[in-house]
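Novice: Below is the structure I would like to discuss, written out as structure tokens.
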Amino acid sequence: MNNLNFFLPERIRKAAAEKYALGVEGVLISKPVNVVYLSDFKSSNCYILLTGKENFLITDFRYIEAAENNGAGLTPVKIDRSFTVFDFINSTGIRSLAVEEEEITYSFFKELSSKFRGTIKSAGGLTEKLRIIKDDYEMDCLKRAEALGDEAFDFLTDFVKEGMREKDIAFELEYFMRSRGAEGLSFDSIVVSGKRSSMPHGMPSEKKIEKGDFITFDFGCRVDGYCSDMTRNLLVGEPSKEQEKVYNIVKEAQSAALEAVSSGKNAADIDMTARDIIKYYGYGEYFGHGLGHGVGLEIHEAPTLSPGGNEILKPGMAVTVEPGIYLPGKFGVRIEDLVLVKETGCEVLSSSNKELIII
């Protein structure tokens, strides 16, 4: 079942049910990505008010016609300067309200506090907790986005040549994905080469590709709102002994971590699986970031695979597995796949070659 409207009412039902655990009569959703998750409604001025008895999609004149056709079964409400979101909340008669405290501004909270005739408390990441487990529609979107990423890497292996600038490669990479249906990028593509590849989040520059360079490509695209994320490497010319050694260590660490991913596993333990291998070979200090992160409508979501991660993996979670070694002044290597957690093991969504590719 790939029709989003089939899943939206269930998402609303689950979110509305959470208000009982919070001990409130209503929940106000204001974070745009959470509004999209619950309703597939996109606008620059929109709220969802969940009361359980009736749930509302609140927006202004510019979007109200579209709101009337939302697939989540929400009752549309038009607001304006004379009838604000605060006025509407009061009109429902609820006397307790949970809000997304990390999303609203201080001025919004101040006005709500002065106008709402009831108590206010934190929603405690209510929608984010639902988003952590992907439904079938989301899984399908992630798979299609990652498949487009695989096509893009195939393009890169044929396209990239010595003498090209990093920024030009990044431009062509974006054009390739957009021309094949991507809505946009998951994030600004990372294309770094030679000594610059030791910067985990280095941005494409004027630097030209030279013989002996490792090139790191970390990129992703959006398909039906959902992100892909993968990292691969190319090497220009024959590798040095150190380049080959480091690449193989990262590949071994990533392979072991992928084998370790499964429902019931602790996120920190998955991270340690890869980290211990890199430490064993003497490169522990050169792996300074977490092993991975959740991916969905946002490129960084829960859960987090890191030394401090305390989540227990569950079926339906989507996480990256991306160990790396970064040697300042020399080069860096990172290999990344996006995976879906299963009852046993995981499903790796990217199929691009992870052998050391020489161009």
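Novice: Taking only C-alpha pairs under 8 Å that are 6+ residues apart, what is the relative contact order of the range 178-301 in percent? Don't jump to the answer; show the numbers that get you there.
Specialist: Numbers: 169 pairs, mean separation 26.2, N = 124.
RCO, the range 178-301: 21 percent.
Novice: Compute the separation of the alpha-carbon centres of the range 272-329 and the range 68-142 and state it in Å as a whole number.
Specialist: Value for the Cα centre distance between the two parts: 33 Å.
Novice: How much length would be gained if the chain were fully extended between Glu102 and Arg165, taking 0.36 nm per residue of separation minus their Cα-Cα distance, in nm to one decimal?
Specialist: On the way: separation 63, 0.36 × 63 = 22.68 nm, distance 3.99 nm.
Between Glu102 and Arg165, full extension yields 18.7 nm more.
Novice: List the residue ranges in the chain for DSSP H helices whose C-alpha atoms run 24 angstrom or more along the long axis and whose Kyte-Doolittle average is -1.0 or above.
Specialist: On the way: long enough: 4-22 (28 Å, -0.08); 136-159 (34 Å, -0.38); 241-260 (29 Å, -0.72).
Helices passing the filter in the chain: 4-22, 136-159, 241-260.
Novice: Step through the table entries Lys31/Lys208; Lys31/Lys251; Lys161/Lys279; Lys53/Lys115, compare each Cα-Cα distance with 32 Å, and write down the pairs that go over it. Provide the component values of the computation, followed by the final result.
Specialist: Working: Lys31/Lys208 41 Å; Lys31/Lys251 38 Å; Lys161/Lys279 34 Å; Lys53/Lys115 23 Å.
The pairs that break the limit, which is 32 Å between Cα atoms, are Lys31/Lys208; Lys31/Lys251; Lys161/Lys279.
Novice: Which sequence of Arg334, Arg62, Arg178 reflects their accessible areas, 1.4 Å probe, from the largest down? Numbers along the way, then the final one.
Specialist: Working: Arg334 5, Arg62 150, Arg178 120 Å².
Largest accessible area first, the list is Arg62, Arg178, Arg334.
Novice: Now a separate question. Starting from the Cα-Cα distance between Tyr20 and Lys245, subtract it from 0.36 nm times their residue separation and give me the gain in nm to one decimal.
Specialist: Values: separation 225, 0.36 × 225 = 81.00 nm, distance 5.53 nm.
Gain in length upon complete extension: 75.5 nm.
Novice: Mind grabbing the accessible area of Glu101 for me, 1.4 Å probe, Å², rounded to tens?
Specialist: It works out to around 90 Å².
Novice: A further question on this structure: Add -39500 (n - 2.57) for each DSSP H run of 4 or more in the chain, then divide by its residues: what number comes out at 222 nm, to the nearest 500 deg cm²/dmol? All intermediate terms of the calculation are to be shown ahead of the outcome.
Specialist: Details: 10 runs with 126 residues, N = 359.
Result for the chain: -11000 deg cm²/dmol, rounded to the nearest 500.
Novice: Using the Cα gyration tensor of the range 186-278, with a ≥ b ≥ c the square roots of its eigenvalues, what is the shape: rounded (a/c below 1.5), prolate (a/b larger than b/c) or oblate (neither)? Mind dumping the intermediate values first?
Specialist: Details: a/c = 2.65, a/b = 1.26, b/c = 2.11.
Note, shape of the range 186-278 comes out oblate.
Novice: Let me ask another. Tell me the carbon and sulfur percent of the accessible area for the range 167-320, rounded to whole percent, probe radius 1.4 Å.
Specialist: On the way: 3120 of 6310 Å².
Exposed carbon and sulfur together represent 49 percent of the surface.
Novice: For the chain, what does the relative contact order come out to in percent, with C-alpha contacts under 8 Å and a separation of six or more? Mind dumping the intermediate values first?
Specialist: Details: 773 pairs, mean separation 52.7, N = 359.
Rounded, it is 15 percent for the chain.
Novice: Ignoring everything but the protein chains, give the 1.4 Å probe accessible area of Asp158 in square angstrom, nearest 10.
Specialist: It works out to around 120 Å².
Novice: Heavy-atom accessible area per residue, the chain, 1.4 Å probe: how many Å²? Before the final figure, lay out the partial values.
Specialist: Values: 15910 Å² over 359 residues.
For the chain, the solvent-accessible area averages 44 Å² per residue.
Novice: May I ask you to give the percent of accessible area on the range 75-132 that is carbon plus sulfur, with a probe radius of 1.4 Å? Kindly include the intermediate steps, with their values, before the conclusion.
Specialist: Working: 1750 of 3260 Å².
The C+S portion of the solvent-accessible surface of the range 75-132 is 54 percent.
Novice: Stokes-Einstein at 25 °C, 0.890 mPa s, Kirkwood radius from Cα pairs: D for the chain in µm² s⁻¹? Don't skip to the answer; put the middle values down first.
Specialist: On the way: Rh = 22.1 Å.
Taking Rh from Cα pairs, D becomes 111 µm²/s.
Novice: Please report the relative contact order for the range 229-350, taking Cα pairs under 8 Å with a sequence separation of at least 6, and give it as a percent rounded to a whole number.
Specialist: Details: 254 pairs, mean separation 38.4, N = 122.
After rounding, I find 31 percent.
Novice: Over the range 41-190, consider all pairs of different Cα atoms and compute the Kirkwood hydrodynamic radius from their mean reciprocal separation; express it in Å, one decimal. Show your work: numbers first, answer last.
Specialist: Details: mean 1/r = 0.0520 Å⁻¹.
Across the range 41-190, the inverse of the average 1/r is 19.2 Å.
The values are calculated or read from the model by the stated rules, or taken from the named source; none is laboratory data. If you're wondering where the values come from, they're calculated on a predicted model, not measured in any experiment. SASA here: full protein model, heavy atoms, side chains in, ligands and nucleic acids out. Shrake-Rupley method; radii C 1.70, N 1.55, O 1.52, S 1.80 Å.
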